[in-house]
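Below is one structure, written out as structure tokens; the observations come after it.
The values are calculated or read from the model by the stated rules, or taken from the named source; none is laboratory data. Note that the structure is a prediction, hence the values are computed from the model and not measured. Cβ: placed from backbone, ideal geometry, glycine included. Neighbour counts: every protein chain shown.
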Amino acid sequence: MRWRILLALPLVLLLSIDRAHGQRPAPSTLDAARDAAAGLPRLRSLVVAQNGQTLLEYFAKGVAAGRVTNVKSVSKSVISTLVGIAIERRLIPGVRQPIVTYFPELARDADPRKRRITIEDLLTMRSGLTSTSFDNYGAWVSSRNWVDYVLRRPMIADRGEDMEYSTGNTHLLSAILTKTTRQSTWAFAQQQLGTPLGFTVSRWARDPQGIYFGGNDMLLSPGQMLSIGQLYLDRGRGGSRQIVPVSWVDASCTGLGRSRFNPDQTYGYGWWSRDFAGRQGCFAWGYGGQYIIVFRDLNLVVVTTSSTEIGDERRDHRRQIFDIVERLVLPALSR
């Protein structure tokens, strides 16, 4: 395939970035990344921005730049952002708050460990509850009450210990946002995130009780994803306004748990972290290849969207995206 040939070739950089004068690199320095992106059949878009300037926009044939797409578990990172805003506004006391405050039925549960689960445990996927993702996902989203289903799951570990990835954790956060803000998660997202960043948040899927899905199926365009990435690059500041607390952004990108499926990655408050060719990246990750990757030391944001259809090449696709970032984008913009 063409992209494999390109990735095997040495990179020739024609111009470097002159940050002192704010110059943009010549488009040819990212041509290899664009060509490699065009060679990935699952990739729908690739956007690269540095120092607040968009340097590369690739959209597959038939993909409109402003069209929203299902960003899958990137939703978890957005829900985390909303929780941070709610805490800053004192709608939620803090990350140490036990969730029994919002789900009093836990006080009657036979397992007393559930009463000690905190907001932070949900954010970091360390609640100790049996996962509702992977093989358990279908039964969960087919249930009549998603929140109740999650809360009834058996404990497989004490809270705050091992990371167990579970979309149910983030859905509980959406339910908590709904209770504490006295509005829907969508309305809070539009008011506190969309409006300050200058875009309209599309409505997305809800559970049988009307709670917006916390952790999956959120609809964002590549441009909106870029705005969120820029917000985290700027440590929560959008324009002249501090939208998300600096401390929240930092905590989100500080690994507190480690994935047993991807041991090279750590998980903070709804955001992943890993090394990309010697550069530390903080990223939102959605099934199939939806990414918002932030490189703070380079003032760089990379966004991708991809097909979410199941296919044999899906796992290779993720590695191919990382290859483009590590071998083509980062070298072109690191000088």
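Say whether the condition of being without any contact (Cβ under 8 Å) to a residue 60 or more places away in the chain and touching a helix residue (DSSP H, G or I) at 6+ places or on another chain (Cβ under 6 Å) is met by at least one residue in segment 57-80.
Checked against the condition, which is being without any contact (Cβ under 8 Å) to a residue 60 or more places away in the chain and touching a helix residue (DSSP H, G or I) at 6+ places or on another chain (Cβ under 6 Å), segment 57-80 yields at least one hit.
Are any residues in segment 64-85 part of a loop (DSSP other than H, G, I, E, B) and touching a Leu at 6+ places or on another chain (Cβ under 8 Å), and if so, which ones? Spell out how you get there, then give the answer.
At the first step, the residues of segment 64-85 found to be part of a loop (DSSP other than H, G, I, E, B) are 64-68, 71-73.
Result: VAL68, VAL71.
Only helices (runs of 4 or more DSSP H) wholly contained in segment 117-233 count here; list those with 2 or more residues that are over 21 Å from GLY257 (Cα atoms).
By residue number, 137-141, 146-151, 167-181, 185-189, 222-233.
Go through segment 141-165 and count every residue that is among the small types (Gly, Ala, Ser) and in contact with a helix residue (DSSP H, G or I) (Cβ under 8 Å, 6 or more places away or on another chain).
Within segment 141-165, residues that are among the small types (Gly, Ala, Ser) and in contact with a helix residue (DSSP H, G or I) (Cβ under 8 Å, 6 or more places away or on another chain) number 2.
Within segment 240-254, can you find the residues that are surrounded by fewer than 18 Cβ atoms within 10 Å (Cβ to Cβ) and touching a residue at least 12 places away in the same chain (Cβ under 8 Å)?
ARG241, PRO245, ASP250, THR254, listed by residue number.
Quick check on segment 165-189: of everything there that is surrounded by fewer than 19 Cβ atoms within 10 Å (Cβ to Cβ) and of a type in the set (Gly, Ala, Ser), which residue is farthest from ILE117 (Cα to Cα)?
ALA187
Pick out the one residue from LEU231, LEU173, LEU226 that is in contact (Cβ under 8 Å) with a residue 24 or more places away in the chain, among the hydrophobic types (A, V, I, L, M, F, W, C) and in contact with a helix residue (DSSP H, G or I) (Cβ under 6 Å, 6 or more places away or on another chain).
LEU173
Given ASP162, ASP121, ASP158, ASP135, which one is in the same structural domain as PRO93 (by TED's automatic domain parsing), within 23 Å of TYR267 (Cβ to Cβ), among the charged types (D, E, K, R) and surrounded by 19 or more Cβ atoms within 10 Å (Cβ to Cβ)?
Exactly one of ASP162, ASP121, ASP158, ASP135 is in the same structural domain as PRO93 (by TED's automatic domain parsing), within 23 Å of TYR267 (Cβ to Cβ), among the charged types (D, E, K, R) and surrounded by 19 or more Cβ atoms within 10 Å (Cβ to Cβ), namely ASP121.
Please go through segment 27-53 and give me each residue that is assigned to a helix (DSSP H, G or I), surrounded by fewer than 23 Cβ atoms within 10 Å (Cβ to Cβ) and of a type outside the set (A, V, I, L, M), ordered by number.
Within segment 27-53, PRO27, SER28, ASP31, ARG34, ASP35 meet the criteria.
Which residue out of ARG279, ARG235 is out of contact with any Phe, Trp or Tyr (no Cβ under 7 Å at 6 or more places or on another chain) and among the charged types (D, E, K, R)?
ARG235
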